[in-house]
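Chemist: My structure is below; once you've seen it, I'll send some questions.
The values are calculated or read from the model by the stated rules, or taken from the named source; none is laboratory data. As the structure is a prediction and not an experimental result, all values here were calculated from the model. So basically every Cβ, Gly included, is an ideal-geometry build from the backbone, and we count neighbours across all protein chains shown.
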Amino acid sequence: MKRLLALGAAGLAGAALTGCSLLEDSGDSNDSSEVSNEQFDAAADATEGDCLPLEMVGGDGSEFAVDCSDPEAYWSITAITGDTDATASGGDLTDHQAIFDMCGEEVGAYLPGEPLTDWNMIYDQTSGDVDYLFCVESLSEPDEEGVAAVVPTTGDCFGSSDIGATVPCESEQAEYTVLDVVEMELAEHDEAGIEEAAADCGQTAYFDLTDQFGRTGALLCVE
């Protein structure tokens with residue numbers, strides 16, 4: 001059986017953003033990667049608190065989790081189960097409610113000042129059966145360059161290639177400074193609703209933080 005890992009939000013690095021045409025959609029967020037038999041077996045031993053690399057399938061292809069002190073560690077597993085009735089098709093769940101029930105309603109949302117969250121699964125491409133379903137949260141400790149996998153908030157800086165990383169404002173990676181945050185109800189908003197909220201940014205540019213489920217929870221007013 002060919003088992004795949006479905007990337008819930010493209011690893012979130014370089015995730016799609018909209019807002020003043022400053023960024024374009026980064027592409028399909030449901031690309032999949034084949035999981036080796038060794039990784040599949042190792043997933044059975046994974047527990048809450050274990051860590052995963054950014055792309056969630058890494059290393060030599062024989063390991064699932066990595067040591068949390070490993071420089072490659074990016075995610076912490078917050079929940080994982082091998083007992084699920086969920087099904088998948090085309091690299092995505094046929095019903096996302098299983099994710100919300102397991103990970104919480106805010107999973108995948110871009111929440112200013114908060115670590116990134118995401119979900120993933122290992123599933124059988126032929127049958128569509130989901131073998132493992134898991135929730136993750138980014139490790140928020142800054143790396144040696146001061147970059148932290150945290151959604152920027154007021155006073156923070158970030159680069160256009162990764163809205164999910166706060167970088168030192170003196171860094172060459174820093175392209176934007178967040179002047180203010182406009183909070184919105186986490187829901188699907190039409191263009192008119194986003195533009196109305198963006199009026200609170202005045203004449204400054206803005207990014208709307210729209211997640212993989214089409215929900216927008218905030219706008220970043222930037223310079």
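Chemist: Collect the residues in region 163-194 that are in contact (Cβ under 8 Å) with a residue 12 or more places away in the chain, surrounded by fewer than 19 Cβ atoms within 10 Å (Cβ to Cβ) and of a type outside the set (A, V, I, L, M, F, W, C), keeping them in residue-number order.
Modeler: Correct list: Pro168, Ser171, Gln173, Glu175, Thr177, Asp180, Glu183, Glu185, Glu188.
Chemist: Here is a list of conditions, (1) without any contact (Cβ under 8 Å) to a residue 24 or more places away in the chain; (2) assigned by TED's automatic domain parsing to the domain that holds Glu38; (3) within 29 Å of Leu220 (Cβ to Cβ), and Asp92 meets all of them except one; can you say which number that is?
Modeler: (1)
The rows are residues; the columns are (1) hydroxyl-bearing (Ser, Thr, Tyr); (2) surrounded by fewer than 18 Cβ atoms within 10 Å (Cβ to Cβ); (3) not assigned by TED's automatic domain parsing to the domain that holds Glu55.
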residue: Gln125; (1), (2), (3): no, yes, no
residue: Gly128; (1), (2), (3): no, yes, no
residue: Tyr132; (1), (2), (3): yes, no, no
residue: Glu144; (1), (2), (3): no, yes, yes
residue: Ala149; (1), (2), (3): no, no, yes
residue: Glu196; (1), (2), (3): no, yes, yes
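Chemist: Can you give me the ranges of the strands (runs of 3 or more DSSP E) entirely in region 12-103 with at least 2 residues that are hydroxyl-bearing (Ser, Thr, Tyr) and modelled with pLDDT of 80 or more?
Modeler: 73-81
Chemist: Which residues, counting only those in region 189-223, are touching a strand residue (DSSP E or B) at 6+ places or on another chain (Cβ under 8 Å) and of a type in the set (A, V, I, L, M, F, W, C)?
Modeler: Within region 189-223, Ile194, Ala197, Ala198, Cys201, Ala205, Phe207, Leu209, Ala218, Leu219, Leu220, Cys221, Val222 qualify.
Chemist: Kindly evaluate Glu106 against the criterion of being assigned by TED's automatic domain parsing to the domain that holds Asp92 and either over 14 Å from the mean Cα position of the chain (by Cα) or closer than 26 Å to Ile77 by Cβ (or both). Don't jump to the end; show me each part of the working.
Modeler: Details: assigned by TED's automatic domain parsing to the domain that holds Asp92: yes; either over 14 Å from the mean Cα position of the chain (by Cα) or closer than 26 Å to Ile77 by Cβ (or both): yes.
Answer is yes for this residue.
Chemist: Same structure, new question: Name the residue, out of Glu196, Glu144, Glu170, that is in a loop (DSSP other than H, G, I, E, B) and at pLDDT 95 or above. Show your work before the answer.
Modeler: Working: Glu196 fails: in a loop (DSSP other than H, G, I, E, B); Glu144 fails: at pLDDT 95 or above.
Glu170 is the lone residue from the list that is in a loop (DSSP other than H, G, I, E, B) and at pLDDT 95 or above.
Chemist: Go through (1) surrounded by 22 or more Cβ atoms within 10 Å (Cβ to Cβ); (2) closer than 30 Å to Asp180 by Cβ one by one and return the number of the condition Leu111 breaks.
Modeler: Against the list (1) surrounded by 22 or more Cβ atoms within 10 Å (Cβ to Cβ); (2) closer than 30 Å to Asp180 by Cβ, Leu111 comes up short only on (1).
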